[in-house]
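In what follows, a structure is listed as structure tokens, so that the remarks can point back to it.
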Amino acid sequence: MKKLWIIWGLIFSIQLIAQQKVQPSDSLAIVSTLFKQQEDWNKGDIDAFMEGYLKSDQLVFSGSSGPIYGWNATKERYKKNYSSRLLMGSLTFDVLNLISLSPTVAQLQGKFYLTREIADSSGFFTLTWVKIEDQWLIISDHTSASE
């Protein structure tokens, strides 16, 4: 019985630690980067948009066609799928939740709206952010369009 209480205590402690609020300065940095990406997208500048992602082979983008690994591959995916302003449209983000997983890792859940002449799109995303040298960057992006 004592073992059960110890295990329960550890699980409860891990949950409390894993779901801490993000420090205000970190929250501001993360959200500022996200909305800078929105601004860059709406200017048609995918290169600038990609500056919010970790420039690493560890970056993973997961969408409807499965995961893509690496910063360069992710950038090429964006350039292929959004090769014109008509395809890019106008992007708007809503932040739904932001939690700290550790002092250097945070997770943001949000909603996106893509308004285009050809067809609007919207859906949800989960971004995992890492803090490297006082800069927050996306290391994992899972985006799902609503049907």
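The values are calculated or read from the model by the stated rules, or taken from the named source; none is laboratory data. Since we're looking at a predicted model, the values are computed, not measured. Cβ sites come from the backbone with ideal geometry, for glycine too, and all protein chains shown count toward neighbours.
Values computed for the structure shown
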| read-out | value |
| --- | --- |
| Within the range 17-50, considering residues that are outside any helix (DSSP H, G or I) and in contact (Cβ under 8 Å) with a residue 12 or more places away in the chain, the one surrounded by the most Cβ atoms within 10 Å (Cβ to Cβ) | Val22 |
| Residues satisfying the stated conditions in the range 98-147, i.e. among the polar types (S, T, N, Q) and closer than 24 Å to Gly66 by Cα | Gln107, Gln109, Thr115, Ser121, Ser122, Thr126, Thr128, Ser140, Thr143, Ser144, Ser146 |
| Test for Lys75: is it at pLDDT 95 or above, part of a loop (DSSP other than H, G, I, E, B) and either within 22 Å of Lys36 (Cβ to Cβ) or within 14 Å of the chain's Cα centre (by Cα) (or both) | no |
| Of residues in the range 118-147 being assigned to a loop (DSSP other than H, G, I, E, B) and either modelled with pLDDT of 95 or more or out of contact with any helix residue (DSSP H, G or I) (no Cβ under 9 Å at 6 or more places or on another chain) (or both), the one farthest from Arg77 (Cα to Cα) | Glu133 |
| Val95 vs. criteria over 22 Å from Gly123 (Cα atoms), of a type outside the set (Asp, Glu), in contact (Cβ under 8 Å) with a residue 60 or more places away in the chain and not in a helix (DSSP H, G or I) | no |
